[in-house]
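The values are calculated or read from the model by the stated rules, or taken from the named source; none is laboratory data. In this text, all values refer to a predicted model and were calculated from it rather than measured experimentally. Note that we place each Cβ from the backbone using ideal geometry, even for glycine, and neighbour counts take in every protein chain shown. We work out accessible area using only protein heavy atoms, side chains counted, and drop any ligands, DNA or RNA first. Shrake-Rupley method; radii C 1.70, N 1.55, O 1.52, S 1.80 Å.
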Amino acid sequence: MTRHPGFLLVAGWALLNGLLLAVLAIYGESATALACYGIAVGLLALAALAVLASSVRGPREHTRYRLPVRPGSAVLPLAAAAGLAVLAYPYGWWLLPIAAALLGLSLALAAHDRAARPRRSR
Amino acid sequence: MRQADVFGEVFAVELIMAGAVFLAVLAAVLYAVLRRRAGAAAGPSERAERPRLEAAYVAVLAAVAVFLVVYTALANHREHRTGHVGAPAGPPAAPEVVEVDVTAFQWCWTFRHPRPGGAGATSGTCRAEEVPTLVVPTGRPVRVELTSRDVIHSLWVPELRYKMDAFPHHTNSFTLTLDEEGRWLGRCAEFCGYRHYAMHFWLRAVSPGEYERWVAGHQAAAGGAA
Amino acid sequence: MSLTGTADVEPARHRPAPAPGGWLGWLTTTDHKRIGLLTLGTSLLVMLGMGVLALLMRGQLAQPEEHLVGPQVYNQLFTMHGSGMIYLVMTPFALGLGVYLVPLQVGAPVIAMPRATLLGYWLYVLGAAIMLSGFATPQGAHSDGWFSYPPMAARTYTPGVGSDLWIAGVFLATTGVILMAWAVLWTALRKRAEGMTMLRMPVFSWSMAATCLMVIGAFPALLAALALLAAGRVEPAVFDSNLWVIGYQHLFWFYGHPVVYVMFFPYLGAVAEVLAVFSGRRFFGYRGTVFALLVFAALSMSVWGHHMFTTGQATNDYYSLTSILLLVPAGVEYFAMLGTILGGRLVFRTPMLFALAFVPQFLIGGLTGIMVGTPVLDYHAQDSYFVVAHLHYVLFAGSAFGLFAGFYLWFPKATGVLLDERLGRWHFWLLVVGTNLTFFPMFFLGYAGMPRRVVTYLDGDGFGLLNLLSSCGAAVLAAGMTVFVVNLARAALRRAPRAGDDPWRGHTLEWATSSPPPRLNFDAAHPLPPLTSEAPLLDLRRRAADEARGAREGRGAREGRA
């Protein structure tokens, strides 16, 4: 297990939270509060599993870094799409198609960047 | 004024402890600044940790924490003990509980006295002279049933060192016992909008006899108005 | 040029990625250092703006029954000051520090998920713009405080579109912060250089790891709370049920307490680095500190109900238990910080001044935190100026001092130039005086019965003198921050001396590379040193000194024999 220290950290931390949640339940807190904490502990457990999966799949990730060599141009339209999407809440749903168009643009840019197959550097 | 007494005692204890800790840390920082400055000190210590000292220190911290947890929890329970309406365990000689219904609203208060006697409502606009007064007798437990008509407010009488939130669609209750006659300003502590800053009331404690007269007068006034 | 999206390389012979120039290059950068700097710069700008709002408030409160601004405006001021400082300044700045420094400190050439990090920055910027744009709407900005309890924040009582923009903006900015936290956490967990074991990570990187754990565990609750609030603004019947009114408070504070530690840990980490470097020694009690940070962070997830002691709808005993237990890990942190300086050889440069002031000042926030974590005391202190004083001692006298300690420490690393020491001292002393003059009187105001979030008070309340003192303090703070801006402007106009790679004799990996670091953090001219402990450069210097001494003694011995 010491081969997966990252997993151990996140899982241990989630466990500590689980313990505190159990004590809260003993104190008889309302279901709302327990559900809130319970979901968070669940999220942390999922995070621990994600770290474990990555750790098992590539235990020596630090010797082979993936370097982004292209600028993140796809990110800008994606962020704009997200911005318009939340603005649809005050200003109406008509903004959503525009957000969707920007999302499409972002995906196209990302696909364009990905088009050439990744290669190893020499 | 159980709340104020408990507050005073616990606050004094925690203030003394906090003061001692603060002075100790400040002394350590000043010592380091004066005696460990580059000009004065021989050289930095090579010692990376002192696990045994640290373990002993953690034990002391834990003991302090346990003391505080238990002590303050007991204080909290002491503060909220007794005075429940119709509590069967209450001593037979206990004075009759006065019930007061308090309704907070934007931006003032309404006080009703359903039991005993059943005086009508006191309210106001909390503007200029229209600050409502909650009249209660001294020496008798006052059971406050607190709710709100619109948003969340909070009933706070700073001199009593106590507050409780007023929720819509929910009633909170607590018991006050006032030992002495007097008049104290009450405020809204939870932000509630435009006139939050002016949402004041008066809490007036009068002798039981005067309270009875007040209730009778108020009943008459309420009846006359009806 | 190839269109490759990503390329796998071995760190020993990595190929520098093309560094695009110009504005667009910055705005679409995948370099964690640039994203970090963008985040830090943006949040610093917002900080100055939010500070101006605070000055307006202090102006209004300086005298009883003043009419500088009316309640309508005042309510917007405290709402935007509080939510701006929390959502848009202290939290993103903390994560920005992590984005910039954690890859460097763990010896990685890049951050994990650089595009997600960049997206996080942009969501934060857009969220900030949307939230602040409320000021430009007819009814003005949101006005219900940073925790915006329903039903007050429902459309019935706060109809303005500024509130909707606030919800949308906070949602977006918080999503961005969560993305950054994932990237930083993943970097610390999975991208450490070979030989950089978990227990060789510097204290700052550990504090970031603990911070990011809290972000990923607790921040989704804020998104849920905002969604609930948005739903309630569309359908008012939602808040006719007490379940959702109190449920909102649980959701909000489940985020709202851990965020306090998110706004504290990274700055504590910065202070730890500064204390060690300017004491010329290893940080004392490293393992205890790391363990305490993690326990601290876990406990902080379980204390949220202490914000709800007066609701009559929380198990006060439990939240009081966990809140008071916090003093154990906090005490361990103090043990380590004091141990470091008590066994050090102190050099008083600007970062050290801020770090040293952090220690007693934050302590005031912490000790009064125990008080407001005690239900019988909180029944009086809750929602009063006592709490305002407490939280500003934590977040300003504590965290902001840690922020400036870190700022002065790492500024030369990020820019290659030194800030002016004399102006730094002025900044420091004005801030110390201003902070304590502004916030200490507030304890007495709260104790005497002044509620928070009041636009004014009556002459008869007797709050006038203390409020005047506090407002004078705010003016001193403004002067201090002006000196800071002047210092930055001076550096920007290239009137500042070059810093060199390691101006402070640092301990951690970022000081082994150039200032500013190359695109991939370490290169042939600046290779990774041997990773021997959490302070590899200190080890290196000591080994060099030992060898020099050994050589000298060896020579002496030979000469003696001869």
Worksheet item: Got at least one residue in region B:35-49 being open to solvent by 50 Å² or more (accessible area, probe 1.4 Å), at pLDDT below 95 and in a helix (DSSP H, G or I)?
Response: yes
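Please verify whether region C:496-507 includes one or more residues that are within 14 Å of another protein chain (Cβ to nearest Cβ), open to solvent by 40 Å² or more (accessible area, probe 1.4 Å) and either in a helix (DSSP H, G or I) or out of contact with any strand residue (DSSP E or B) (no Cβ under 9 Å at 6 or more places or on another chain) (or both).
Looking through region C:496-507, at least one residue is within 14 Å of another protein chain (Cβ to nearest Cβ), open to solvent by 40 Å² or more (accessible area, probe 1.4 Å) and either in a helix (DSSP H, G or I) or out of contact with any strand residue (DSSP E or B) (no Cβ under 9 Å at 6 or more places or on another chain) (or both).
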Discussion item. It is to be established whether one or more residues within region C:287-303 are over 21 Å from B:Ala59 (Cα atoms) and facing another protein chain (nearest Cβ under 7 Å).
Written reply: yes
Practice prompt. Sort through C:Ala270, C:Ala330 and tell me the only one that's in a helix (DSSP H, G or I), among the small types (Gly, Ala, Ser) and open to solvent by less than 10 Å² (accessible area, probe 1.4 Å).
Written response: C:Ala270
Worksheet item: When you go through (1) more than 28 Å from the chain's Cα centre (by Cα); (2) more than 8 Å from chain C (Cβ to nearest Cβ); (3) surrounded by 11 or more Cβ atoms within 10 Å (Cβ to Cβ); (4) at pLDDT below 95 one by one for B:Glu54, which number turns out not to apply?
Response: (2)
Practice prompt. Give, as residue ranges, the helices (runs of 4 or more DSSP H) completely inside region A:1-112 that count at least 2 residues that are without any contact (Cβ under 8 Å) to a residue 12 or more places away in the chain, facing chain C (nearest Cβ under 10 Å) and more than 24 Å from C:Leu222 (Cα to Cα).
Written response: A:5-26
Response to the item:
Per the filter on region B:125-176, residues part of a strand (DSSP E or B), among the β-branched types (Val, Ile, Thr) and closer than 20 Å to B:Pro114 by Cβ are B:Thr133, B:Val135, B:Val136, B:Val142, B:Val144, B:Thr147, B:Thr175
Practice prompt. Can you confirm whether region A:65-81 contains a residue that is farther than 27 Å from C:Arg233 by Cβ, basic (Lys, Arg), open to solvent by 50 Å² or more (accessible area, probe 1.4 Å) and at pLDDT below 95?
Written response: yes
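Got a sec? Which of B:Trp202, B:Trp156 is within 14 Å of chain C (Cβ to nearest Cβ), surrounded by fewer than 19 Cβ atoms within 10 Å (Cβ to Cβ) and of a type outside the set (Asp, Glu)?
Within the list B:Trp202, B:Trp156, the selection yields B:Trp202.
Just give me the residues in region C:341-356 being at the interface with chain B (Cβ under 9 Å from one of its Cβ atoms) and surrounded by 23 or more Cβ atoms within 10 Å (Cβ to Cβ), in sequence order.
Hits for region C:341-356 are C:Ile341, C:Gly344, C:Leu346, C:Leu356.
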Practice prompt. Could you list, in sequence order, all residues of region C:164-184 that are facing chain A (nearest Cβ under 8 Å) and not acidic (Asp, Glu)?
Written response: C:Leu165, C:Ile167, C:Ala168, C:Gly169, C:Phe171, C:Leu172, C:Thr175
Item to complete: May I ask you to list the residues in region C:179-208 that are closer than 20 Å to C:Leu520 by Cα and charged (D, E, K, R)?
Response: C:Arg190, C:Lys191, C:Arg192, C:Glu194
Discussion item. Which pairs turn up if I take residues in region B:62-83 that are farther than 20 Å from C:Ala330 by Cα and look for partners that are hydrophobic (A, V, I, L, M, F, W, C) and open to solvent by less than 20 Å² (accessible area, probe 1.4 Å) with beta carbon separation below 6 Å, at least 6 apart in sequence or on another chain?
Written reply: B:Ala75/B:Val6; B:Ala75/B:Val10; B:Ala75/C:Val376; B:Asn76/C:Val376; B:Glu79/B:Val6; B:Glu79/C:Val376
Worksheet item: If you check B:Ala18 against the conditions, is it in contact with a Ser or Thr (Cβ under 9 Å, 6 or more places away or on another chain), open to solvent by less than 40 Å² (accessible area, probe 1.4 Å) and not aromatic (Phe, Trp, Tyr)?
Response: yes
Item to complete: Name the residue, out of C:Leu55, C:Leu38, that is within 30 Å of B:Tyr194 (Cβ to Cβ) and either within 27 Å of the chain's Cα centre (by Cα) or modelled with pLDDT of 90 or more (or both).
Response: C:Leu55
Response to the item:
Pairing a residue in region C:136-150 that is over 13 Å from C:Tyr74 (Cβ atoms) with any residue that is among the small types (Gly, Ala, Ser) and surrounded by fewer than 24 Cβ atoms within 10 Å (Cβ to Cβ), where Cβ atoms lie under 7 Å and the two sit 6 or more apart in sequence or on different chains, gives C:Thr137/C:Gly160; C:Gln139/C:Gly160; C:Trp146/C:Gly82; C:Phe147/C:Gly256; C:Pro150/C:Gly232
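Within region C:521-539, take every residue that is open to solvent by less than 10 Å² (accessible area, probe 1.4 Å) and part of a loop (DSSP other than H, G, I, E, B) and give me the one that is farthest from B:Ala48 (Cα to Cα). Before the answer, list the steps.
Within region C:521-539, the subset open to solvent by less than 10 Å² (accessible area, probe 1.4 Å) is C:521, C:535-536.
Subsequent filtering for residues that are part of a loop (DSSP other than H, G, I, E, B) retains C:521, C:535.
Numbers: C:Asn521: 29, C:Ala535: 11 Å.
Checked region C:521-539; the qualifying residue farthest from B:Ala48 (Cα to Cα) is C:Asn521.
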Fill in: Residue in region C:197-217 that is surrounded by the most Cβ atoms within 10 Å (Cβ to Cβ), counting only those that are more than 7 Å from chain A (Cβ to nearest Cβ) and of a type in the set (Val, Ile, Thr)
C:Thr211
Fill in: Residues of region C:445-482 classified as within 12 Å of another protein chain (Cβ to nearest Cβ) and either surrounded by 17 or more Cβ atoms within 10 Å (Cβ to Cβ) or within 25 Å of C:Leu356 (Cα to Cα) (or both), total
14
Discussion item. Can you tell me which condition B:Asp165 does not meet? The list is (1) facing chain C (nearest Cβ under 9 Å); (2) open to solvent by 10 Å² or more (accessible area, probe 1.4 Å); (3) of a type in the set (Asp, Glu), and all the others hold.
Written reply: (2)
Response to the item:
Of the residues in region C:31-52, those that are among the hydrophobic types (A, V, I, L, M, F, W, C) and farther than 13 Å from C:Leu477 by Cβ number 7
Worksheet entry | Hey, B:Ala121 part of a strand (DSSP E or B) and open to solvent by 50 Å² or more (accessible area, probe 1.4 Å) or not | yes
Item to complete: Could you tell me whether C:Gly312 is in contact with a Phe, Trp or Tyr (Cβ under 9 Å, 6 or more places away or on another chain), farther than 21 Å from C:Met337 by Cα and either open to solvent by less than 20 Å² (accessible area, probe 1.4 Å) or facing another protein chain (nearest Cβ under 7 Å) (or both)?
Response: yes
Worksheet item: How do the pairs read when you match residues in region C:17-39 that are at the interface with another protein chain (Cβ under 8 Å from one of its Cβ atoms) with residues anywhere that are modelled with pLDDT under 90 and not in a loop (DSSP other than H, G, I, E, B), using Cβ under 9 Å and keeping only pairs 6 or more apart or on different chains?
Response: C:Ala17/A:Leu67; C:Ala17/A:Pro68; C:Ala17/C:Ala7; C:Pro20/C:Trp26; C:Thr30/A:Leu67; C:Thr30/A:Pro68
Worksheet item: Among the residues of region C:242-251, is there at least one that is in contact with a strand residue (DSSP E or B) (Cβ under 8 Å, 6 or more places away or on another chain), within 14 Å of chain B (Cβ to nearest Cβ) and surrounded by fewer than 22 Cβ atoms within 10 Å (Cβ to Cβ)?
Response: yes
Worksheet item: Is there any pair with a first residue in region C:384-407 that is assigned to a helix (DSSP H, G or I) and a second that is of a type in the set (Asp, Glu) whose Cβ atoms are under 8 Å apart and which are 6 or more apart or on different chains, and what are they?
Response: C:Gly406/C:Glu273
Worksheet entry | Those residues of region C:315-327 which are within 7 Å of chain B (Cβ to nearest Cβ) and open to solvent by less than 10 Å² (accessible area, probe 1.4 Å), in sequence order | C:Ser320, C:Ile324
